[in-house]
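The values are calculated or read from the model by the stated rules, or taken from the named source; none is laboratory data. Fair warning: this is a prediction, and the values are worked out from it, not measured in the lab. Here the Cβ is made from the backbone with ideal geometry for all residues, glycine too, and neighbour counts use every protein chain on show. The accessibility values were calculated without ligands, DNA or RNA, using every heavy atom of the protein model including side chains. Shrake-Rupley method; radii C 1.70, N 1.55, O 1.52, S 1.80 Å.
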Amino acid sequence: MASEDGTWIMHGVSWEDPKCLHSAEEAIKSISEMGFLPLFKNEISGFSLEEYTVPEHWFGGDPADDPWSWREVIARDGRVVYGKFFDKKAGFISKEWLPYFVNYRRDGYDFDALWDDEKASRRQKKIMDLFAEEHADDELYSFEIKKQAGFGKKADGDGEKNFEGTITELQMQMYLCMRDFRRRKNKKGQEYGWNVAIYSTPEHLYGYDFVTSAYKELPSESGDRIFTHIKELYPTATEQQMKKLLK
């Protein structure tokens with residue numbers, strides 16, 4: 001997706017193109033085969049879900065053929081992980097490749113160790129504390145996280161700032177992902193409004209042992225795996241382009 005003369009332009013293929021993805025299920029299978037894929041067009045030509053879909057179908061609201069709606073279906077399905085993983089923008093990582101991204105992006109650190117070594121911010125800590133083992137909640141609406149972690153304006157003064165930036169950082173570091181999208185519920189249990197992102201930890205989805213299974217190798221080795229794989233898929237990608245999206 002790019003802005004040209006003030007108009008947002010989607011880039012993709014026709015419905016009849018052999019490369020075209022026609023459904024969320026086809027997208028899941030394709031992402032699983034590729035390993036990882038950003039949602040929108042970027043500097044590496046062809047390296048996005050957008051470029052494998054029909055431009056006119058985006059934002060139509062029908063999960064049957066709207067790729068924007070697919071991201072909700074994919075996040076809910078669980079075979080592929082969804083979040084802001086590529087240059088602080090949305091994308092998908094297959095279950096197979098998840099441990100390598102976790103090891104590389106976390107630099108071998110669980111969050112508690114990151115905090116102990118003073119490499120995490122106080123804002124990040126307030127969010128991650130909501131997902132700690134002693135807490136019952138493994139999945140939280142974005143607005144619940146914002147409120148419970150003390151972001152935004154408060155009656156007794158200003159709360160923490162930069163919620164969106166902080167939760168994006170935690171996704172880039174592979175500590176959080178978007179697990180689902182659901183509508184809010186009122187006091188009577190009735191749904192209302194738009195679907196809202198539900199956040200969780202990768203460990204909650206797949207278990208600690210699996211998510212951290214690449215810790216046995218150096219983070220740099222996991223990084224080399226990722227960079228080598230993308231170079232095999234897109235030989236024309238430059239080092240600078242790959243670092244921008246994957247580092």
* **Unique match (being farther than 28 Å from ARG183 by Cα, out of contact with any Asp or Glu (no Cβ under 9 Å at 6 or more places or on another chain) and touching a residue at least 40 places away in the same chain (Cβ under 8 Å)) among GLY46, GLY83** => GLY46
* Tell me which residues, restricted to region 74-94, are within 22 Å of HIS11 (Cβ to Cβ) and assigned to a helix (DSSP H, G or I). => ILE74
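Given the criteria open to solvent by less than 60 Å² (accessible area, probe 1.4 Å), touching a residue at least 40 places away in the same chain (Cβ under 8 Å) and under 17 Å from ILE230 (Cβ atoms), does LEU39 qualify?
yes
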* Give me the pairs: first residue in region 198-220 and touching a residue at least 12 places away in the same chain (Cβ under 8 Å), second residue open to solvent by 40 Å² or more (accessible area, probe 1.4 Å) and assigned to a helix (DSSP H, G or I), beta-carbon distance under 7 Å, and six or more apart or on different chains, which are they? -> VAL211/GLU203; ALA214/TYR100; PRO219/TYR104
* Of the criteria (1) of a type in the set (Gly, Ala, Ser); (2) more than 23 Å from ALA113 (Cα to Cα); (3) assigned to a helix (DSSP H, G or I), which one ALA197 fails -> (3)
* To do: Give region 178-193 a look and list any residue that's of a type in the set (Phe, Trp, Tyr) and exposed (fewer than 15 other Cβ atoms within 10 Å of the Cβ), or say none.
  => TYR192
